[in-house]
1. If R₀ is 25 angstrom, what is the calculated FRET efficiency for the pair K197 and K252, using the beta carbon separation as r and rounding to 0.05?
2. Arranged from highest to lowest average of other beta-carbon atoms within 10 Å per residue, in what order do the peptides 97-110, 80-93, 207-220 appear?
3. Before anything else, pin down the relative contact order of the chain: Cα pairs under 8 Å, at least 6 apart, normalised by residue count, whole percent.
4. Expected output is a single nm value to one decimal: the length gained when fully extending between K103 and K227, i.e. 0.36 nm times separation in residues minus the C-alpha distance. What is it?
5. When you count, for each residue, the other Cβ atoms within 10 Å and take the mean per peptide, how do 25-31, 178-184, 6-12 rank with the highest first?
6. Using a 1.4 Å probe on the protein heavy atoms only, what accessible surface does W130 show? Give it in Å² to the nearest 10.
7. Residues of segment 22-178: accessible area per residue at 1.4 Å, in Å²?
8. To the nearest 20 debye, what is the magnitude of the charge dipole of the chain about its Cα centre, counting +1 on the Cβ of each Lys and Arg and -1 on the Cβ of each Asp and Glu?
Amino acid sequence: MDKKRELANLIANYSLDLQKGERVMIEAQTLKDREFLMNLIDAIYDRGAIPILEVRDSILGNYMSLRSDEKRINLIKQIREFEVEHFDAYIHIRYNENDYESKNIPADVRKKQGQALLKASDIRVNERKWVLLNYPSPVDAYKAEMSTVDFERFAWDVMTVDYRKMKDAVLPLKKLMDKTDKVRIVAPDTDITFSIKGMGSVPCCGEMNIPDGELYSAPIKKSVNGKITYNTPCPYQGMVFHHVSLEFKEGKIIRATCDEDNEKLNEIFDTDEGARYVGEFSLGFNPMILHPMGDILFDEKILGSLHFTPGRAYKDCYNGNDSAIHWDMVLIQREDYGGGEIYFDDVLIRQNGKFVLDELKPLNFENRGTI
């Protein structure tokens, strides 16, 4: 079976586990590969579900947003609320053409639209079935420093790893995380502590994001103290920030700096009250993804990484933080990226990106060809 058909079947049969009669919205940002879309439509029909395809061009979408007013934002709100009311599952196929495409959208438009869509987004993320994937683009290949052909081959391989095997391997880490109180993260220019007591954890092994490979929880909202410095690019709202450093006191970001525009960085954190608190803590372990490319869908799954996310918390690990933003930022702790340690209740569980407890070592995936 070719990789495209394999991925289509994986999404319909495993990720979404579609049932007869369920309504599925496919949102595609490209028609570059109709063969893959046809494979996806066939896989949905084969499950007895009902596919609907909508093409949303990101360039035209951002162009329309430049002049958005409250009437247009309210109309978008009604459309999104109609969709979450009438569809059971969503497949969002992104296609990256330019990280800076939305750079010029006014901050007040972003804020108003984010707030207007918050309810629909919350229902979609927390109460519906969904899958998000990136169709490989030349821009992605450029950021990954690969030829277009090599990156496409890499992307299809990454997206079709053995997620069932990964899901079995993560269970001991979930068990440990579920009973953990205090977490400490140490790395260059990073020393931060927080509690995840009672928050639980959620393994992500191909059910929502493609590619996948993480286990997430959330810090108790006001328990975060210390400093974290991210060593990967942090793209958001049409900008890309590097060397983002955040200082926390009683859960709140009290200082945020980067190599570029500190004013713009802090403007994002001033979107609303929840934007300066953290909604997610997650460990990444996809064995095929080793280096950042400035695309969070790939970067947050990097083997030996973690992400610590300002903004909205997920309902299945809800720490009380609500926000229009959810900004995943990634720190790689492998030795080739400066190293680092993670402690659960003062016990070292991962060093330089490798799990050190025997029951967790399968997640190091040192024999990567087996997955």
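1. Working: r = 19 Å, r/R0 = 0.77.
So, using R0 = 25 Å, E works out to roughly 0.85.
2. 207-220, 80-93, 97-110
3. On the way: 806 pairs, mean separation 51.5, N = 371.
Dividing the mean separation by the residue count of the chain yields 14 percent.
4. Working: separation 124, 0.36 × 124 = 44.64 nm, distance 2.79 nm.
Additional length available on full extension: 41.8 nm.
5. Details: 25-31: 18.4, 178-184: 16.3, 6-12: 21.6.
Packing order, densest peptide first, comes out as 6-12, 25-31, 178-184.
6. Here the accessible area works out near 40 Å².
7. So segment 22-178 comes to 54 Å² accessible per residue, rounded to a whole number.
8. Working: 50 positive and 62 negative charges, 152 e Å.
The calculation lands at about 720 debye.
The values are calculated or read from the model by the stated rules, or taken from the named source; none is laboratory data. These figures come from a predicted structure and were not determined experimentally. Reconstructed Cβ throughout: ideal geometry from the backbone, glycine too, with neighbour counts over all protein chains shown. Areas reflect the complete protein model, heavy atoms only, side chains present, ligands, DNA and RNA absent. Shrake-Rupley method; radii C 1.70, N 1.55, O 1.52, S 1.80 Å.
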